[in-house]
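The values are calculated or read from the model by the stated rules, or taken from the named source; none is laboratory data. All of these numbers come straight from a predicted model, not from anything done at the bench. Note that we place each Cβ from the backbone using ideal geometry, even for glycine, and neighbour counts take in every protein chain shown.
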Amino acid sequence: ELCDFGLIGLAVMGENLALNVESRGYRVAVFNRTTSKVDDLMAGRAKGKQFVGCHSLEDLVSSLKTPRQVMMMVKAGPAVDDLIETLIPLLSPGDILIDGGNTFYADTERRTKYVESKGLLYCGTGVSGGEEGALLGPSMMPGGSEAAWPHVKPIFQAIAAKVGPNDDIPCCEWVGPRGAGHYVKMVHNGIEYGDMQMICEAYFLLTEGLGLSNEELYDVFEDWYQGELNSYLIEITRDIFSVMDDDGGYLVDKIMDRAGAKGTGKWMSQLALDLGVPSTLVTEAVYARCLSAMKEARVRASKVLSGPNPKYSGDKTNFIEQIRDALYASKICSYAQGFVQMQAAAIEHDWPLNFGDCAMLWRGGCIIRAVFLDRIKEAFDADPKLENLLLAPYFQEAVERSQDGWRHVVASAAQLGIPTPAFSAALAYYDGYRRERLPANLLQAQRDYFGAHTFERLDKPGTFHAEWIQLRKKPKQ
Ligand code: NBP
């Protein structure tokens, strides 16, 4: 009996995805470069299930129904190109190659065109949710050859996370052509960076500024989890404050304050710079990880550089509420920036993205899943061309409500010497975006002064240049 689905790469993600597909009633062929992993799976978790273990790509291909669906779940990069080269001669016209890894979107743009030129279909799919998501229901962001969608849709939507009142809306919709799916996945990861950084800033204010214990932090996050900040990341953060080490202390207090990164946040920042859009939250989050990684340098600097006493002297309960406001308002700015970047990328690459759908893809299964995404979906449903989330009435009102607390937190953090790069960047973005007039008139004057870069005028159309040196007031000798 032929299989419905083929999966290559049996590391954490691939193995769990394969089990997920099989659990929905499909027959799955699996292959891994190190074939002992195939045997381990067949003798272990796949035992007695509808699996065919393959020791070669030829075996895998010949085990599949046509049009074949072959998903690669291997390390992103050259491994994917190598697999594509090996698979092309084995596959038949109309067969579908799927890349479910964390691939850079431009690689998927290139590979889609290449694979299509060989008469096959290509489907670059962002998959989020880690090990548990892969097994029980990830968030999936498929893009690539549109003709592949009707074929992959039944299995993809069967295995994806489900949301909605009846738990029947799959977090998997067609995103767009070529690299669109991987781009949306990258923005998801960048937003995840921002969310995590903002939660860490709240944590730092609560501990450094207010001296809250882990028990108190647990209660604060439990309270936040019950409200509009309800999200997976707030939930796991709450839980972290309850976990003890073997010796009775809290585990979180013993963890080295040096963050790692795999690079998807950095990609989003780099592409924001290329597009000329201000995705400042993800960028600050990336830089915050860089600064954290300089542990030894910080230890040296801490012995030399001074700052104020970080203890907050005002009302504790109020400050906790204000930190919640800062977190919520900053989160809105962060998502606003992410969607602006996707809009700019959609224009640049000619991807007809549906932004309400994008919000729903992240509603379940993935790391940034949150109730909040329903509001984003509603905002884009009400106005698919919405320029900026901050302009949607719901978010406009939410920021209006939060901004006093947010400003107080950013100002207090500056005075207490507690770094809050994401909260501060979010506020600077908000205050810059809401201004009809910014000081760039002076900037243009400077550019024209030293480099004759010309300027436009508010009072008449055209391009102008001034002889600044001749016109200026002569300095006193
Ligand atoms: P890894 O990213 O650690 O990749 C390991 C797999 O790639 C193994 O099956 C390995 O085979 C295979 N592989 C490599 Br490495 N080079 C290969 C080559 N040249 N040809 C064929 N196979 C090759 O696995 P993962 O953590 O399961 O992630 C898979 C993909 O999913 C990655 O792109 C990752 O970024 C993405 N992702 C991961 C997560 C997560 O939470 N881990 C979440 C979302 C997305 P071997 O056994 O022979 O070495």
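Taking (1) crowded, with 22+ Cβ neighbours inside 10 Å; (2) within 16 Å of the ligand (Cβ to nearest atom) in turn, Asp107 satisfies each apart from (1). Picking from residues in segment 111-121 that are assigned to a helix (DSSP H, G or I) and touching a residue at least 12 places away in the same chain (Cβ under 8 Å), the one that is nearest to the ligand (Cβ to nearest atom) is Arg111.
Filtered by the rule that a residue be within 16 Å of the ligand (Cβ to nearest atom), part of a helix (DSSP H, G or I) and among the small types (Gly, Ala, Ser), segment 1-29 gives Gly14, Ala18.
Would you check if Val80 is at pLDDT 95 or above, more than 11 Å from the ligand (Cβ to nearest atom) and either among the aliphatic types (A, V, I, L, M) or outside the structural domain of Leu135 (by TED's automatic domain parsing) (or both)?
On the way: at pLDDT 95 or above: yes; more than 11 Å from the ligand (Cβ to nearest atom): no; either among the aliphatic types (A, V, I, L, M) or outside the structural domain of Leu135 (by TED's automatic domain parsing) (or both): yes.
No.
If you go through segment 126-156 and keep only what is more than 10 Å from the ligand (Cβ to nearest atom), buried (at least 22 other Cβ atoms within 10 Å of the Cβ) and among the hydroxyl-bearing types (Ser, Thr, Tyr), you end up with nothing.
Report the residue count in segment 30-70 for those that are closer than 18 Å to Ala134 by Cβ, in a strand (DSSP E or B) and within 15 Å of the ligand (Cβ to nearest atom). Adding up the residues that qualify gives 3. Can you name every residue in segment 158-179 that is buried (at least 18 other Cβ atoms within 10 Å of the Cβ), in contact with a Pro (Cβ under 9 Å, 6 or more places away or on another chain) and not aromatic (Phe, Trp, Tyr)? If the condition is that a residue be buried (at least 18 other Cβ atoms within 10 Å of the Cβ), in contact with a Pro (Cβ under 9 Å, 6 or more places away or on another chain) and not aromatic (Phe, Trp, Tyr), then Ile159, Ala160, Ala161, Val163, Cys171, Cys172, Glu173, Val175, Gly176, Pro177 are the ones that fit.
Checking each residue in segment 75-104 for being in contact (Cβ under 8 Å) with a residue 24 or more places away in the chain, loosely packed, with under 15 Cβ neighbours inside 10 Å and farther than 29 Å from Cys366 by Cα picks out Thr86, Ser92, Pro93, Gly94. Please go through segment 83-104 and give me each residue that is more than 8 Å from the ligand (Cβ to nearest atom) and in a loop (DSSP other than H, G, I, E, B), ordered by number. Within segment 83-104, Leu91, Ser92, Pro93, Gly94, Asp95, Phe104 qualify. Going through segment 203-237 one residue at a time, which ones are farther than 21 Å from Gly314 by Cα, surrounded by fewer than 17 Cβ atoms within 10 Å (Cβ to Cβ) and small (Gly, Ala, Ser)? Gly227, the sole residue that qualifies.
Results for (1) under 28 Å from Pro142 (Cα atoms); (2) acidic (Asp, Glu), shown as yes or no for each residue.
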| position | (1), (2) |
| --- | --- |
| Leu361 | yes, no |
| Arg369 | yes, no |
| Ala379 | yes, no |
| Asp383 | yes, yes |
| Gln396 | no, no |
| Pro421 | no, no |
| Phe450 | no, no |
| Ala466 | no, no |
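Residue count for segment 232-268, restricted to those that are within 22 Å of Ser139 (Cβ to Cβ), in contact (Cβ under 8 Å) with a residue 24 or more places away in the chain and part of a helix (DSSP H, G or I): 8.
Go through segment 72-91 and give me each residue that's touching a helix residue (DSSP H, G or I) at 6+ places or on another chain (Cβ under 9 Å) and not β-branched (Val, Ile, Thr). Passing the criteria: Met72, Met73, Ala76, Gly77, Asp81, Leu83, Leu87, Leu90, Leu91. Can we say Pro439 is modelled with pLDDT under 95 and either touching a strand residue (DSSP E or B) at 6+ places or on another chain (Cβ under 6 Å) or farther than 23 Å from Ile332 by Cβ (or both)? When the stated conditions are applied, Pro439 does not pass them.
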